[in-house]
Amino acid sequence: MKLKLKIWRQLNANTPGKLVDYQLEGVEEDMSFLEMLDYLNEKLILSDERPVEFDHDCREGICGTCGLFINGRAHGPLAGTSTCQLHMRSFSDGDTIYIEPFRGGAFKVTRDLKIDRSAFDRIIMAGGFISTPVGDAPEANAIPITHDEAESAFDSAACIGCGACVATCKNGSAALFTSAKITHLAKLPQGKAEAQQRALGMIAQMDAEGFGHCSNTKACQVECPQEISVTNIDRMNWEFNKAKVLK
Amino acid sequence: MNTTLARKNLMALTGLFLCLFLVVHLVGNLQLLLPPEKAAVQFNLYSKFMTSNFFIKVISYLLYASIVLHAVYALVITVKNRQAACGGYAYDRRGTASPWYSRYMGILGTVILLFLVVHMKDFWFEYKFGSLPLDREGNKDLFSIVVESFGQLWYLGFYTVAFIALGYHLLHGVHSAFKTLGIYPRKLSNFLYYSGIGLTLILTVGFIVIPIFVFFKYHMP
Ligand code: HEM
Ligand code: FES
């Protein structure tokens, strides 16, 4: 298959970038989207051009490192799919594909399609953990919560921190990410003790990083590769208000 | 007011308070549907009550404050969100993931604000500071002013557009406000979502139908 690519090229955070056109022939539909970019890079390297840099790690949809804005959508056209799990069979011969980095909030392009997502790490550092060692995963029946509650905590924990929520939010809000982390621990007995300071700390850090307000448009849950629900945001708001009142 | 969540809480609380006020306002307006003689007397009596009762005065100051706070913080939030959005994308199809009215709350709100200015000038200001004729009972005759205004087609059109804007604003706003406050448990989510839509429909249709009714009743031969 033959494609026309429009890829965001930018040398570093301090220089302006622009879309650059590439013609790529010989793309196979079984290639993943990232393999297609590898294939382009091989050609660029052979012709002494600087390869296109992009974030990736596991390439199996579990780490959250990859994340490209493809044809106007975070992680491209498929629902519930990270960029590395998108394959070229979702495109057709002769297509033009726009490839841009995730933008919004504290995300900054470091080079080409690579972004600095360390703001997410700092939000986690502001409370997304349990301070006392609670040992290995306990035997499932020993946790004093129902199976449904444990499952719903796991649904929140499934967030891989890719940043698609921020990238797709009109306000550059990190509400879905932050709320998934707050909710995951608020639902488990191990996390309850620190629920208040965790909510306040993580939300303060989210604001300090410069992310926007949540308008409840729910676009984030539509684009999330892990299909994290916006009900996590409702829970975060509840935890925040509870903490403010009880404090 | 130094966190995003606190600012959104203020938006939600003032917004919901405004919704409550609109319900009362609509019920009051229903008096315009009474037979002409009765409508005039009763509407003017009601207007007098609404501007002289002490309890209602206190509520009305709360209301003015809510409108101002809601509009000011709408601006603050919109500016900050614009900055956080970092300029967007060269090719942008993000709109496919959310309903348009949830993304244009500020524009819809601006239409409502514009309406409020005209509405307050024509009725509220006139009533308080203008020289209105008196009706048979000796009360200020706001009824005649209202009926006369709704005789103009552009006025009807303006009202209709404004209330359609309000309708979309509330279609997203009501359930969003409960989510913002964190009062959206799974058991109640359907109830809150659909009663939000129900309230929106009642308010929008109610406020649009009354001026049209007045137009046909008092201005058609
Ligand atoms: C004065 C003109 C108005 C402006 C400029 C305005 C603007 C806004 C904006 C921008 C939002 C969304 C905030 C966000 O997306 O983060 C909003 C939310 C809301 N507005 Fe308004 N609005 C106005 C009037 C009204 C009126 C008259 C009502 C009620 C009858 C109302 C009810 C609401 C509600 C319930 C919300 C939801 C709050 C939330 O999302 O948590 N607004 N308004
Ligand atoms: S590279 Fe790990 S999720 Fe895509």
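Per-structure values
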{"item": "Angle between chain B longest axis and helix B:105-119 axis [Cα atoms, degrees, rounded to 10]", "result": "20"}
{"item": "Chain B - mean residue ellipticity at 222 nm from DSSP helices (-39,500 (n - 2.57) per run, n ≥ 4, rounded to 500)", "result": "-26000 deg cm²/dmol"}
{"item": "Debye log10 I(q)/I(0) for chain B, one point scatterer per Cα, at q = 0.09 Å⁻¹", "result": "-0.44"}
{"item": "Positive minus negative residues near B:Phe43 (Lys, Arg vs Asp, Glu; Cβ under 14 Å)", "result": "0"}
{"item": "Chain B: most fluctuating residue of B:Met105, B:Met11, B:Met50 per GNM, C-alpha cutoff 10 Å", "result": "B:Met50"}
{"item": "Fraction of alpha-carbon pairs over 41 Å apart in the protein assembly as shown - percent", "result": "34"}
{"item": "Net lengthening on full extension, A:Gln197/A:Asp48 (0.36 nm per residue, minus Cα-Cα)", "result": "48.3 nm"}
{"item": "Partner lysines for B:Lys179 [C-alpha distance under 20 Å; skip if fewer than 8 residues away on the same chain]", "result": "A:Lys170, A:Lys181, A:Lys187, A:Lys218, A:Lys242, A:Lys244, B:Lys8, B:Lys187"}
{"item": "10 Å Cβ neighbours from other chains, averaged over peptide A:204-216", "result": "6"}
{"item": "Angle between chain A longest axis and helix A:33-46 axis [Cα atoms, degrees, rounded to 10]", "result": "40"}
{"item": "Relative contact order (%) - criterion: Cα under 8 Å, at least six apart; region: chain A", "result": "20"}
{"item": "Acute angle (nearest 10 degrees) that the helix A:231-246 long axis makes with the longest principal axis of chain A, alpha-carbon atoms", "result": "40"}
{"item": "Cβ-Cβ FRET estimate between B:Val23 and B:Val76, R0 fixed at 35 Å, reported to 0.05", "result": "0.80"}
{"item": "Choice from A:Asn216, A:Asn232, A:Asn171 showing the highest fluctuation, given a GNM over chain A with Cα pairs closer than 10 Å", "result": "A:Asn216"}
{"item": "10 Å Cβ neighbours from other chains, averaged over peptide A:166-176", "result": "5"}
{"item": "With eigenvalues of the C-alpha gyration tensor scaled by 5 and rooted, region B:106-146, Å", "result": "28, 9, 5"}
{"item": "Selection from A:Gly67, A:Gly128, A:Tyr22 lying farthest towards where the dipole of chain A points positive, charges on Cβ", "result": "A:Gly128"}
{"item": "Most mobile of B:Tyr91, B:Tyr46, B:Tyr64 in a GNM of chain B (Cα contacts under 10 Å)", "result": "B:Tyr91"}
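No lab work stands behind these numbers, since they all come straight from the coordinates. This is a predicted model, so every value here is computed, not measured. Please note: Cβ atoms are built from the backbone with ideal geometry, for glycine as well, and neighbour counts cover all protein chains shown.
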